[in-house]
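Structure record follows, encoded as structure tokens.
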Amino acid sequence: MKPKTAELWAKQNQAVGDRRELFGAVAGAVKVETVLYPGSYVDISPSFVFDSVTYVDSDKRTPGFFDDIDGLTQIVAQHRGPTPPDINFIHADYTAPLDLPDNNVDLLISLYGGFISEHCTRYLKIGGSLLVNSSHGDAALASISPRYQLAAVVISRSGRYRITTADLESYLIPKKPQTITAVSLHRTGRGIAYTRTPFAYLFTRVG
């Protein structure tokens, strides 16, 4: 493993923690074969669980990280065993069209990456899942989109994750009465303060 790969991965783990259990919980809740992760930076953890993941990021440090195949193999093998997954990387701004077919992936990941659902839903299959948190307002954007329906929430306690479909009607309720629009979300660039806020949401693409 190249020293730079090890350094970037160590900093990533320190910043967000081990997300293997998060993606393991998602895999237990929805059927996933292919994944698209725009705004991934060097978070390789979906590959600890899923067999085929395409990562997208525009940071100048990411090409060197994903080009270190031996390094990635070592990292992933520590968490999933010797069977290597299919790892693809696109060095690009996800807000521009990507060289990917539409309606092609089972899971779209949006974690702290901006308005990913706005630009990348086209690549998600109808019936596929969007894993999204409240950061930057993308969960709120999905909640008002006719393309999505809330299917479950991700609860996190003490570093452990579980998926629940209970009381979904009690989520996505703003603490303060307000009209949520794409324009207002873009203007603020942050999430809505809800009465209940899970770690993340799972939406199903319905249109």
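The values are calculated or read from the model by the stated rules, or taken from the named source; none is laboratory data. Please read these numbers as outputs of a predicted model, since none were measured by experiment. A quick note on method: Cβ atoms are made from the backbone with ideal geometry, for glycine too, and the neighbour counts reach across all protein chains shown.
Among (1) at pLDDT 95 or above; (2) farther than 19 Å from V16 by Cα, which single condition is V132 missing?
The single condition V132 does not satisfy is (2).
So which residues in the range 125-141 are among the small types (G, A, S), within 15 Å of P198 (Cα to Cα) and buried (at least 20 other Cβ atoms within 10 Å of the Cβ)?
S134, G137, A139, A140
Could you list all residues from the range 69-78 that are exposed (fewer than 15 other Cβ atoms within 10 Å of the Cβ) and without any contact (Cβ under 8 Å) to a residue 60 or more places away in the chain?
The answer is I69, A77, Q78.
Taking D102 and the conditions (1) in contact with a His (Cβ under 7 Å, 6 or more places away or on another chain); (2) without any contact (Cβ under 8 Å) to a residue 24 or more places away in the chain, which numbered condition does it fall short on, given that it satisfies the others?
For D102, the failing item is (1).
Among the residues of the range 56-68, is there at least one that is in contact (Cβ under 8 Å) with a residue 24 or more places away in the chain, in a loop (DSSP other than H, G, I, E, B), of a type in the set (A, V, I, L, M) and closer than 13 Å to I109 by Cβ?
no
Just checking, does the range 34-44 include any residue being at pLDDT below 95 and surrounded by 15 or more Cβ atoms within 10 Å (Cβ to Cβ)?
No; the residues of the range 34-44 include none that is at pLDDT below 95 and surrounded by 15 or more Cβ atoms within 10 Å (Cβ to Cβ).
Is the range 97-110 home to any residue that is crowded, with 16+ Cβ neighbours inside 10 Å and over 24 Å from D67 (Cα atoms)?
Yes; the residues of the range 97-110 include at least one that is crowded, with 16+ Cβ neighbours inside 10 Å and over 24 Å from D67 (Cα atoms).
Taking the conditions exactly as written (touching a Phe, Trp or Tyr at 6+ places or on another chain (Cβ under 7 Å) and surrounded by fewer than 20 Cβ atoms within 10 Å (Cβ to Cβ)), does A151 satisfy them or not?
In short, yes.
Where residues in the range 146-183 are hydroxyl-bearing (S, T, Y) and touching a helix residue (DSSP H, G or I) at 6+ places or on another chain (Cβ under 7 Å), which of them is nearest to V16 (Cα to Cα)?
That would be Y161.
Quick check on the range 154-200: of everything there that is free of Cβ contacts under 8 Å to residues at least 40 places away in the same chain and under 20 Å from I116 (Cβ atoms), which residue is surrounded by the most Cβ atoms within 10 Å (Cβ to Cβ)?
The extreme case among them is L172.
Restricting the search to the range 59-89, which residues are hydroxyl-bearing (S, T, Y) and within 15 Å of L8 (Cβ to Cβ)?
T62
Which residue pairs have Cβ atoms under 8 Å apart, sit 6 or more places apart or on different chains, and have a first residue in the range 29-46 that is at positive phi and part of a loop (DSSP other than H, G, I, E, B) and a second that is surrounded by fewer than 22 Cβ atoms within 10 Å (Cβ to Cβ) and basic (K, R)?
As it stands, the answer is none, since no pair meets every condition given.
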